[in-house]
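To start, the structure itself, in structure tokens.
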Amino acid sequence: MTDMRYLAPSTLDEAVGAFAAAAGAARILAGGTDILVQMRAGMVQPGLIVDIKKIPELTGIEETADGGFVIGAAVSGAVLYEHPRFGEVWPGVLEAINLIGSTQVQGRASAGGNLCNGSPAGDSVPAMIAAGATVTVQGPNGRRQMPVEAVPAGPGRTNLTPGEILVSFTLPPRAKGASDAYLRMIPRTEMDIAVVGCGVNLTLKDGVCTAARVGLGAVAPTVLLVEAAAKALIGSKLDDAAIETAAAACRAACRPIDDKRGTIVYRTKVAGVLLKRTVAIAADRAGRA
Amino acid sequence: MAKLHISTKINGEPTEFLCDPNDSMLDVLRGPLALTGSKEGCGSGDCGACSVMLDGRLVCSCLMLAAEAEGHEIETIEGMAEGEKLHPLQQKFLEMAALQCGICTPGVLVASKALLEKNQNPTETEVRYWLAGNLCRCTGYDKIVRAVLDTAAEMREATR
Amino acid sequence: MNEISNKWIGTNTIRPDGADKVTGRAAYAADTSMPGMIWGRVLRSPHPHARIKSIDTSKAEALQGVKAVVTSKDIVEFPVDKPVALGIQDMRWMSRNVMAREKALFHGHPVAAVAAMSEAIAAEACKLIEVDYEVLPWAIEIEDALKPDAPILHDFVQFEGKPSNIAGTLEHKLGDIEAGFAKADVVIERSFTTRPVHQGYIETHACLVSVLSDGKTTIWSSSQGQFMVRAMTSLLTGIPQSSIRAIPAEIGGGFGGKTIVYLEPLATMLSKKSGRPVKMVMSREEVMRATGPTSGSTSTVKIGATKDGTIVAAQGVFYLQAGCFPGSPIRGAAGCAFAPYNIANVVSRGFDVVSNRSKVAAYRAPGAPIGAYAVECVLDEVAEALKIDPLDLRIKNAAREGTKAAHGPVYPRIGLLETMESARKHPHYKAPLGKFQGRGVASGYWFNAGGESSAQVNITEDGNVVVTTGHPDIGGSRAAIANIAAELLGIDYRRVSVLIGDTATVGYSNLTGGSRVLFASAIVVTDSAEQVIGQLKARAAKIWGISADAVVWENGEARPSGDHTGNFPTMTLAEIAAKATETGGPIGAGVQLNTTGAEGGFSTHICDVEVDVDLGIVRVLRYTSFQDVGRAIHPAYVEGQIQGGAVQGIGWALNEEYIYNKKGHVDNPGFLDYRMPVCSDMPMLDAVMIEIPNPKHPQGVRGVGEVPLVPVMAAVANAVHSALGKRYYSLPMSPPKVLEGLDEGTLQAAE
Ligand SMILES: Cc1cc2nc3c(=O)[nH]c(=O)nc-3n(C[C@H](O)[C@H](O)[C@H](O)COP(=O)(O)OP(=O)(O)OC[C@H]3O[C@@H](n4cnc5c(N)ncnc54)[C@H](O)[C@@H]3O)c2cc1C
Ligand code: FES
Ligand code: FES
């Protein structure tokens, strides 16, 4: 039997202190929708659980003066959904986060947990990467910032150093004519883990795509930022040829595996299909933004 | 393993319990608190049979540590009826045969109530997506969805 | 017989157990507890196939908090060469399934069990049990199990004189198959595969068992039959049936999967050894790894027809996975496959194949959906080849009263044709379809069962009614029984309470299975109620001082008739009950019978799908089931059976399957990746109930629980074919498979 301790500190410093002191034996608890499942399955047996939901900075949503957003790492999907402005500005990021699990899971699951869990299939991650979001991380050696795409290191692993806690996501201010979208392929309509996920964020000026980022999930050991796909879109009027080139770039970026959720061939094909569909939605939204 | 002492409110009543740090809320509800109305169909968040309200938000009690209940409020199926009077959803489920074996029913009812508290006039699609995390193997969902829609209509009528 | 006003029969009354179930008070097996209760847990084989050389439990026994450990030594052994049948099960296999004996035959096979002060201690103790395994090569799939060099699971199983994994065969024959095919203008032969699928009940297996020092044993468990639990536990533990009281807890779904025991004998031995009540609850993962799915299959069906659409010959060969012990439902597959049709020349064969997976358990019309899937798909191809509407082809060949079926019976009045004709006329069949949308139809048959059933109907002192029956209620059967009792006695249904008795309080009743429950209970309840009515009339006659023949029972009252009409004021049930003591004592009657006359059930389904051709996703847009339900005693629960069956079949057709990894382990042992339909996957489901009363039943009841699943996979497959012009010959039609089969040519043709 494991001797597990549970702590729910109310400050970040306390949390970092306890987390670092316990070295590898501790685990952060945000919504628990990954970690509790893993504990029950015997995959992890932490000696200490640090519940971060009592720390204000990790549970707040702030719209910054410049029009950006700072979202606490432990904010649940349901809480984010209820924010009056966030979904207007970042519909793709919001829909990605809201696709995680059921209504029940939404009541708890956080984007921070989704990212730190390190699954290449995490739904919020491609959307966050497409959004150009950065994260703030705090550890025993202080704070640092990094782009979301720099966090995952491989299935179940991140580039956070021992004792570091993900504090928040920062989403940049929005230009006029910019919007985003996220789509995933799952066999059912709900309750499945993405077989492929695709986030697209783009800016349109007079019908021309002036900026774009594409995030692709579940097709490689980590979620990918597909720069070649973005390049194909930028400068184009999102005509069929440009989109097809971007779709081809997505297919080319895939390094998937065959598993119970999908085959290599299937995932690769679907990556291209989703890119096209996601671009269409993002462009439509951008046209109205 | 030292037990934790937790003070919480369950179905409106201040409640205290002791738990192990790795007990789930569902373990404590079903065990020491003898509130066996919440069911365990999977223990992994997939079936919704353990659905409860945590501070007014729908969650799976199997995906929550009991220790997290400290200072929070929980509502379970046992708190749904007011005394002898069934909640309109409970009544409608009976009238419309929206349960067969009934093992999913507590979770489905708690989740449906949460929906109607947020949205008095849900569409069929909204009901279906809201309840996607509540597996029912018996009914094929048809009668559940109809019962929720009918209850919503009746409750709107009653408050007009 | 008494006049039936049909005040309650055919109405949607509120089920007697309803308030309990919507308030969370109903006690399912895992909800029970007892003073001094401890927890049991099973140690399971980490290998799909291994000889068990030795088991050392000493370290586990020494762990603080451990109260008992059991292994196969504690379970009664049934030698492999002597069959011991119990219903459709064989105790030789049951004994080895609940606890591996010579060999572990699948990953997850129980090898030992522990009872301890807590679940955590029991789990810890399991880790301390040392099992010395000799790991053996294994075979999971049918084709692997049938290879010439396949590992043989059981040396004593012989086929054609050699050790084999083919554990049994069955053949139905009618007419002259060669001559039949010789007459055909069109012959279509196709092969199909289906994957094992789990029943998917949301309640995992659970029980609480108390064995006292005098041997008296009480079992609370979730099962489809408390008498089955008693009999199997008795056989496997050696405790006589008279010492075992099996109490049926509320059951959270079964669909056939709870017609055998897994935990009860283990908990009983743990309780006996520890001297304490022992509770055991399976995890979902254990359910998925170690309890019965239904068989996967490979089958080949060949059908010949003449130009006018007459089917002249049909042949089917069905290989079904049994799991690790003999006993797959080949009878359902081979027997039901062609049963909806009047075909002069039929050969239908089944082969029972063992391999290193968990032993299959019954699943809603066991085997029949597998047979129907193959046959109904080939029929569609025959219709296409002959350019005949698929429903017209079925109508032309439909079995009817007097048809001799290949599996034996000559049908009495059946409603198959009505299901087909009503489908043909239904607006659904003519509704327009869009691009990449398609419509499929299929029919199906299930035997249905009668068998042993018991009931007791008692009048309470205050003039109300308590009915006790012996089949666990999984889907609302108590409500239907209340309707029948209220109808016969002429009183409000709310005055009838219906209970499911335990093995000590009600007579032997067979499993809740085979779609028997209402069919059989209605017969014994009717007989009991009629006896009670006889008593009530006699009591009134006594009070009035006239002959019992001169009393009629109407609308819940005794009334003098004939010469005595109007001579006495009528007496209500309550008034007679109040005088019971003076007039002869308690009023009540019990009946125990082996019921017969169940007669098969038929249905025809229409399914519309839409295919996302870029992603390979199939969605069901509309589904209508037409079923001959005999008589719908409680229509809403009959509809519920039909709707639930449709959704299970849709899951089977589209996404459900067991996935094994390279180590021979189930790779998707949970609801996240074993993809049963969720609420948002489904449309509303139409159920058209056609009531052709069963002439052999007092209320006309036919079994309705199983046939709803039989045609579904074929209806979906035929709809996908209609949408795409391409047919998939294996299930599930999951997105990767569907997409793989789509090329430019197919898509252009489909547009
Ligand atoms: C039924 C079900 C359905 C699901 N469906 C989906 C789905 O559709 N899509 C999807 O992407 N996921 C899905 N998931 C997985 C899970 O819900 C998500 O990954 C979720 O976002 C995790 O968030 P959480 O807050 O619950 O994380 P937790 O479980 O609390 O944490 C996850 C991991 O991250 C670590 N962690 C959490 N927060 C921090 C932090 N601030 N700093 C450092 N480390 C941290 C934890 O230690 C843990 O290792 C599903 C899970 C369930 C049970
Ligand atoms: S038991 Fe909690 S979701 Fe299934
Ligand atoms: S009624 Fe049985 S699972 Fe829903």
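The values are calculated or read from the model by the stated rules, or taken from the named source; none is laboratory data. It should be emphasised that the depicted structure is a prediction, and the values quoted were computed from it without experimental measurement. A quick note on method: Cβ atoms are made from the backbone with ideal geometry, for glycine too, and the neighbour counts reach across all protein chains shown. Surface areas here come from the heavy atoms of the whole protein model, side chains and all, with no ligands, DNA or RNA. Shrake-Rupley method; radii C 1.70, N 1.55, O 1.52, S 1.80 Å.
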Notebook entry, point to check: Which helices count as membrane-span-like in chain A under these terms: full DSSP H, at least 20 Å along the axis by C-alpha, Kyte-Doolittle mean of -0.5 or more?
Noted result: A:264-288
Next item on the list: For chain B, find the longest principal axis of its Cα atoms and tell me its angle to the long axis of helix B:142-159, 0 to 90°, nearest 10.
Entry: 80 degrees
Next item on the list: Using Cα positions and a limit of under 15 Å, work out the aspartates and glutamates in reach of C:Lys404, with same-chain residues fewer than 8 apart set aside.
Entry: C:Asp176, C:Glu599
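Is any helix in chain C, taking whole DSSP H runs, at least 30 angstrom long along its axis by alpha carbon and on average at least 1.6 on the Kyte-Doolittle scale, and which ones? Don't skip to the answer; put the middle values down first.
Details: long enough: C:517-544 (39 Å, 0.77).
Helices meeting the span and hydropathy rule in chain C: none at all.
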Notebook entry, point to check: If each of A:Ala65 and B:Lys118 carries a label point 7 Å out from its Cα toward its Cβ, how far apart are those two points in nm?
Noted result: 3.5 nm
Margin query: Rounded to the nearest 10 Å², what accessible area does A:Asp192 have for a 1.4 Å probe in the complete protein model?
Written below: 10 Å²
Next item on the list: Calculate the tail of P(r) for chain C: the fraction of all Cα-Cα distances greater than 45 Å, expressed in %.
Entry: 27 percent
Next item on the list: Along Cα→Cβ, 7 Å out, is where each label goes; now give me the distance between the ones at C:Lys307 and B:Ala2 in nm to one decimal.
Entry: 9.2 nm
Check: Considering chain A as a Gaussian network with a 10 Å cut-off on Cα pairs, which listed residue, A:Asn114, A:Asn98, A:Asn159, attains the greatest mean-square fluctuation?
Finding: A:Asn159
Margin query: Cut-off 10 angstrom, C-alpha nodes, Gaussian network model of chain A. Which of A:Thr222, A:Thr136, A:Thr263 fluctuates the most?
Written below: A:Thr263
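Is there a simple number for the mean count of other chain Cβ atoms within 10 Å of the Cβ of residues in C:196-205, and what is it? Could the numbers behind the result be given before it?
Values: counts 0, 0, 1, 1, 3, 5, 18, 9, 6, 0.
Across C:196-205, the average partner-chain Cβ count within 10 Å equals 4.
Going through the stretch C:382-483, which trypsin sites (Lys or Arg not before Pro) have at most 15 other Cβ atoms within 10 Å and a DSSP loop state?
Numbers: sites: C:Lys387, C:Arg394, C:Lys396, C:Arg400, C:Lys404, C:Arg413, C:Arg424, C:Lys425, C:Lys430, C:Lys435, C:Arg439, C:Arg478; in loops: C:Lys387, C:Arg400, C:Arg413, C:Lys435.
In loop regions of the stretch C:382-483 (DSSP not H, G, I, E or B), the sparsely surrounded trypsin sites (Lys or Arg not before Pro) are C:Lys387, C:Arg400, C:Arg413, C:Lys435.
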Checklist line | Neighbour net charge for C:Pro46 - beta-carbon separation under 12 angstrom, K R +1, D E -1 | finding: +4
Next item on the list: Report the accessible surface area buried between chains A and B, summing both sides, using a 1.4 Å probe on protein heavy atoms only, in Å² rounded to the nearest 100.
Entry: 2300 Å²
Notebook entry, point to check: Extension gain C:Ala85-C:Ala504, at 0.36 nm per residue separation less the Cα-Cα distance, in nm?
Noted result: 148.5 nm
Margin query: Leaving out ligands, DNA and RNA, and with a 1.4 Å probe, what % of the accessible surface on the stretch B:4-79 is carbon or sulfur?
Written below: 46 percent
Margin query: Limiting things to C-alpha atoms, what are the Rg and the maximum Cα-Cα separation (Dmax) for the stretch B:4-79, in angstroms?
Written below: 10.8, 30
Margin query: If R₀ is 25 angstrom, what is the calculated FRET efficiency for the pair B:Ala158 and A:Glu82, using the beta carbon separation as r and rounding to 0.05?
Written below: 0.40
Note to self: Tell me the total accessible area that B and C bury against each other, 1.4 angstrom probe, in square angstrom rounded to 100.
What the structure shows: 3800 Å²
Margin query: Across chain B, what fraction of all alpha-carbon pairs, as a whole percent, falls in each successive 5 Å bin from zero upward?
Written below: 2, 10, 19, 22, 19, 14, 9, 5, 2, 0, 0
Note to self: Nearest 100 Å² is fine: what is the total accessible surface buried where chains A and C meet, probe 1.4 Å?
What the structure shows: 2100 Å²
Checklist line | Whichever lysines have a C-alpha closer than 23 Å to that of B:Lys92, once near sequence neighbours (fewer than 8 apart) are set aside | finding: B:Lys39, B:Lys113, B:Lys118, B:Lys143, C:Lys7, C:Lys21
Item checked: Surface per residue (accessible, 1.4 Å probe) for the stretch A:3-80, Å² -> 41 Å²
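Based on the Cβ-Cβ distance of C:Ile14 and A:Asp284, what FRET efficiency does E = 1/(1 + (r/R0)^6) give at R0 = 51 Å, to the nearest 0.05?
On the way: r = 50 Å, r/R0 = 0.97.
Calculated value: 0.55.
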Check: What figure in square angstrom, to the nearest 10, would you give for the accessible area of C:Glu264 with a 1.4 Å probe?
Finding: 10 Å²
Notebook entry, point to check: Per residue, what accessible area does the stretch B:4-79 have, given a 1.4 Å probe and all protein chains present, in Å²?
Noted result: 31 Å²
